[in-house]
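Reading through the structure tokens given below for one structure.
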Amino acid sequence: MKLEMIGLNHRAANLTLRERAAIAPESLPGVLKRAVAHPNIEGAAILSTCNRAELYLSPTFHFDQTEFRLLYCDLFGLDPQDGESAYIHRDSMAVKHLFRVSSGLDSQMIGEIQILAQVKSAYATALETACTSAILNRLFTHAISCGKLVRTRTAISQGAVSVAYAAIEVAQRLFNKLDTKKILLVGAGETSALAAKYLADAGACTWRVSNRTQSRAEAFACKIGGSTTTFPPTNDDFDWADIVVCATSAPTHIITRASADSAVRARKRPLLFLDLAVPRDVDGALGECEEVYLYTVDDFQELVAANLRARQKEALRAEEIVEREGETFAEWYRQNRIAPSIQQLQIALETIRTSEVEQQSHHFHETDRVEVDKFSRSLMKRVTSLIVANMRRASEDGKDLDLARAIALAFAGKDQETTDKILEKLSHELSH
Amino acid sequence: MEDKLTMLLYNLLPAFLILMYGGLLAFWAILYHNPDELLERLATRIGWVTLGVYAIWLATLSIAQRQIPILTAGQISVFLGFLIWMDQLFLQRRAPQRILVVLPLITVVVLLLVGFAGGLRHAAAPEQLHSAWSAVHIILSMAGVAMLFGSGVYGTGSVLLKHELKSRRFGRLFSRLPSMDEMHRLRAFALYFGWSLITASFASSVVFLFSARSGSPSFFSHLHEMFALWVVASLLALSERLKWFGDQKQARLTVALSALIILLIAGSVAQIFFGGRS
């Protein structure tokens, strides 16, 4: 297999080095063109994200490690000594690495979804710049489908892994869709703004703001398209709301059981309190009410930890899928490298068949000619199938290349150039 | 030939169905521990196939005995199992996560086993059960019960999810159950649908009794039970409609009253088959 990759990720390099290695999207085509201009490179693709800067190549011959590191540093604008931290994978290991990357197994946050889109984008850029080779095309399309497969067959990407998303996850477990839910924001600071942003992304659009300073409440409500209410909120506000987000810097509880009891006791639908303040804004005793669901930052951290544990467990199943897909890719590669010889065999046999049928045609009646044609085709098909089957069997012992070479020579046609090309490619494979 | 058909209808097919549903139950139990969207879709398709086999069996049985399978307590049990499974597949098309399928599956397996053990052959079915009205009445009430059972399943789901949410456990049930809103919606839908069927069944039972004037005392007693059952179902539907209680209380009430209704129906069926003989 002729594949090589070199790169830096969050484990191999610190943030400063990763920042220097990152390539802006608009510069990517230029770097790719410089890479494929190298005489030993048939195709190249670059995966550049905030956590990794990786170069994938299909070279004519494998690079010497030092030369490869220098090439990487040159293309990514790094100092030669920076290349020492880079990791290098070859052939099946390079395949497995990209499959792990696209599946989110190599990510800082295991199972993250964005990486799949980034792999797609890296491939699209390489394709648009006409810098890919047949093997890189296959590698990237297979890596993308492997990433999708892992996410379909395991729960590796499920469950929030940040506190903010954990709060949204809890809200969605309770309410499913947030577009019809009413949100009461208590506090108009940075945390409230961030919570409002995440809730709005999840579909929320009806807001009421309660803040100690009325002018700030009005400015915030205006920004998010909501209305204001008194501080602290009244029973009427609790009756109105479905979700209450509390994020003030008050040293004591803003919402006590006594102040909200009559409103929540009479409720017949759920009321979710997301208490993001430290110290807490909501009296814990309120959570004992039937329709009240009260969560603090600690609860969300616990949910994040539980989700991470679940993802770790799913990662084991994902690794098995990656392993299987790696084997499928290797099988494709083995078949692909003998494909030109098989094609040459088919062309040679077909030429013989048509010329023989043509020569003997005067011996047959016109109606029999169709039958003779059919019979000769069937005969050639059987011969080809037998040879292909034996070549596949030989590939298990690694003898398929010798056989492919023998076939290329035995069935060489008039086009010597094509035969030479096939033999050259096979020689490269054999030398490897 | 007839022996072979009898063997197929009363032994082989029910045994095959028990195996299929048992296998499906094991499949879903594995999926609960190892979520796999692809296999979940496959399990749902297998669920539809088992429903098809079930339907073919019941249809053949009906043709063979020239009456829908309501002639013995065992037949009613397997017929109810069929309706519960059909309702479940119908309801789960409306909910993206399907892990609640385990509860109806267990019930269907139990009903099939009860039917198989209780006897499917109709040696001495009560005379009245051969009339067309009895068929209409029993089908409607069983379909209603199956729907109320579905409502109870989603009510149970809500109670379980509430427990997870309140105890902040964030375990498998938290991540695999449909959202609370969705379960409330499905519970209410199944309840209203079930109530409509029970109401129609009650009306048909009145017509049935007046048309069969020679009805035995056990059938008049059955009318009283049907009325009690209809009152319970109506109260449940009314409390849901008028929001007498909060969502959670209503869910718990649905679970309790659905169980009561199912018990009443079971008692009523027993009254028909065994009441007259004592």
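Here is how the numbers come out for the structure above:
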quantity: Residue A:154 long-range amide H proximity, modeled H, under 5 Å; calculated: B:37
quantity: Restricting region B:1-77 to trypsin sites (Lys or Arg not before Pro) in coil, as DSSP defines it, with at most 12 other Cβ within 10 Å; calculated: B:66
quantity: Inter-label distance, nm, simple model (7 Å from Cα along the C-beta direction), residue A:269/residue B:203; calculated: 3.2 nm
quantity: Where A:308, B:12, B:38, B:177 fall by accessible area, highest first, once all protein chains stay in place (1.4 Å); calculated: B:12, B:38, A:308, B:177
quantity: Peptide-level mean, for B:173-182, of C-beta atoms on other protein chains within 10 Å; calculated: 5
quantity: Over chain B: helical MRE at 222 nm, DSSP H runs n ≥ 4 each giving -39500 (n - 2.57), nearest 500; calculated: -27000 deg cm²/dmol
quantity: Residue-level accessible surface for residue A:144, protein heavy atoms, 1.4 Å, Å²; calculated: 20 Å²
quantity: Charge sum, other residues only, whose C-beta stays under 14 Å from residue B:196's C-beta, Lys/Arg counted +1 and Asp/Glu -1; calculated: -1
quantity: Rounded Å value of the spacing that divides the Cα centres of region A:141-201 and region A:59-103; calculated: 35 Å
quantity: Global geometry of the protein assembly as shown, whether rounded, prolate or oblate, following the gyration tensor of its Cα atoms and the 1.5 cut on a/c; calculated: oblate
quantity: Low-density loop cleavage sites - chymotrypsin sites (Phe, Trp or Tyr not before Pro) in region A:269-360, where at most 13 other Cβ are within 10 Å (DSSP); calculated: none
quantity: Calculated from backbone phi, Karplus (6.51, -1.76, 1.60) coupling profile of region B:45-60 in Hz, x at Gly/Pro; calculated: 5, 4, x, 5, 5, 5, 5, x, 4, 4, 4, 4, 4, 5, 5, 5
quantity: Neighbour-limited loop hits for chymotrypsin sites (Phe, Trp or Tyr not before Pro), region B:49-107 (at most 10 other Cβ within 10 Å; DSSP other than H, G, I, E, B); calculated: none
quantity: Rounded tilt (10° steps) of B:73-92 against the dominant C-alpha axis of chain B; calculated: 30 degrees
quantity: Pairwise FRET efficiency - residue A:346 versus residue A:180, Cβ, R0 = 56 Å, nearest 0.05; calculated: 0.30
quantity: Percent carbon-and-sulfur accessible area, region A:150-226, ignoring ligands, DNA and RNA, probe 1.4 Å; calculated: 49 percent
quantity: Within region B:50-65, backbone nitrogen closer than 15 Å to the virtual label 7 Å beyond the Cα of residue B:16 toward Cβ; calculated: B:50-61
quantity: Cut-off under 5 Å, modelled amide H: who pairs with residue A:107 long-range; calculated: none
quantity: Residue A:383 accessible area, assembled protein chains, probe 1.4 Å, Å²; calculated: 60 Å²
quantity: Estimated [θ] at 222 nm from DSSP helical runs (n ≥ 4, -39500 (n - 2.57)) normalised by residues in chain A, nearest 500; calculated: -19000 deg cm²/dmol
quantity: Alpha-carbon centroids, region B:42-105 and region B:158-191: separation in whole Å; calculated: 25 Å
quantity: Principal-axis tilt of helix A:339-360 within chain A, Cα atoms, nearest 10 degrees; calculated: 40 degrees
quantity: Rounded to 10°, Cα long-axis angle of helix A:91-102 versus longest principal axis of chain A; calculated: 30 degrees
quantity: Built amide H within the under 5 Å cut-off of residue A:182, gap 5+; calculated: A:242, A:243
quantity: Residue-wise HN-Hα coupling along region A:66-71, computed from phi with Karplus coefficients 6.51, -1.76, 1.60 (Hz; x: Gly, Pro); calculated: 5, 5, 5, 5, 5, 4
quantity: Gain on full stretching of the segment that runs from residue A:327 to residue A:356 - 0.36 nm per residue minus C-alpha separation; calculated: 6.2 nm
quantity: Nearest-10 value in Å² for the accessible area of residue A:280, using the 1.4 Å probe; calculated: 120 Å²
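The values are calculated or read from the model by the stated rules, or taken from the named source; none is laboratory data. Since we're looking at a predicted model, the values are computed, not measured. Positions of Cβ are generated from backbone atoms using ideal geometry, with glycine treated the same way; all protein chains shown enter the neighbour counts. Each accessible area value is taken on the protein alone, full model and side chains, heavy atoms only, with ligands, DNA and RNA left out. Shrake-Rupley method; radii C 1.70, N 1.55, O 1.52, S 1.80 Å.
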